[in-house]
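Below is one structure, written out as C-alpha cells; the observations come after it.
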Amino acid sequence: MSAASAPLDHTGAPVVYTAGASRLTVRRAFCKGCDLCVDACPAGILVLDAEDRVMVTDIARCTFCGLCAGRCPDFVFVLQEAPGTRMGALPFRLDGRDA
Ligand code: SF4
Ligand code: SF4
C-alpha cells in the first residue's frame, strides 16, 4: 500500500482527472483497496491513499490504456478519451513480442 501526497478526499466522491480533452473518472466510493489496478497500471501512476482508496498521481503520464478499468472488479474507473486520439497506446505489446 502506497501513501499518496495529494490531499485526501474523505468523502470518497468521484474525482475527474483531465489530460487535454480526455478524462479519467475515479469513483472512489467503490474502491475497496485491493491493489489490482496499482499493479496493472503500466505508467505506475496509481496509488492507494491513507484510506486505501485509489488515486492518480500524474494524469499527464496516463496513456488511457484502460488496464485499470479492465482489472478493477468494482467499476471504479471510467475513461473518456478525446475524439481523434488513440485508445490503448500501450508502451508494450500484450503478446510479449517486440513492438
Ligand atoms: S488508463 Fe492505463 S495508464 Fe491510465 S491510469 Fe489506467 S492503467 Fe494507468
Ligand atoms: S482495482 Fe478497483 S477496487 Fe481494487 S484498488 Fe483499484 S480501484 Fe480500488
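Read-outs: derived from the displayed coordinates by stated rules, not from any lab. Bear in mind that the values here come from a model prediction, so they are computed numbers and not experimental data. Glycine also receives a Cβ, built like all others from the backbone with ideal geometry; neighbour counts cover every protein chain displayed.
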Residues that are more than 8 Å from ligand 2 (Cβ to nearest atom) and under 14 Å from the mean Cα position of the chain (by Cα), drawn from the stretch 41-53:
41, 42, 43, 44, 45, 47, 49
Identify the residue in the stretch 18-39 that is within 9 Å of the chain's Cα centre (by Cα) and of a type outside the set (S, T, N, Q) and, among all such residues, is farthest from ligand 2 (Cβ to nearest atom).
24
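Let's see how each residue does on (1) loosely packed, with under 12 Cβ neighbours inside 10 Å; (2) touching a helix residue (DSSP H, G or I) at 6+ places or on another chain (Cβ under 7 Å); (3) of a type in the set (Gly, Ala, Ser):
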residue	(1), (2), (3)
43	no, yes, yes
47	no, yes, no
50	yes, no, yes
64	no, no, no
74	no, yes, no
79	no, yes, no
Residue within the stretch 55-62 that is out of contact with any Leu (no Cβ under 7 Å at 6 or more places or on another chain), under 15 Å from residue 16 (Cα atoms) and within 13 Å of ligand 2 (Cβ to nearest atom) present
yes
Residue pairs meeting the criteria (Cβ under 6 Å; at least 6 apart or on separate chains; first closer than 14 Å to residue 37 by Cα and within 6 Å of ligand 1 (Cβ to nearest atom), in the stretch 58-70; second charged (D, E, K, R) and in a loop (DSSP other than H, G, I, E, B))
64/81
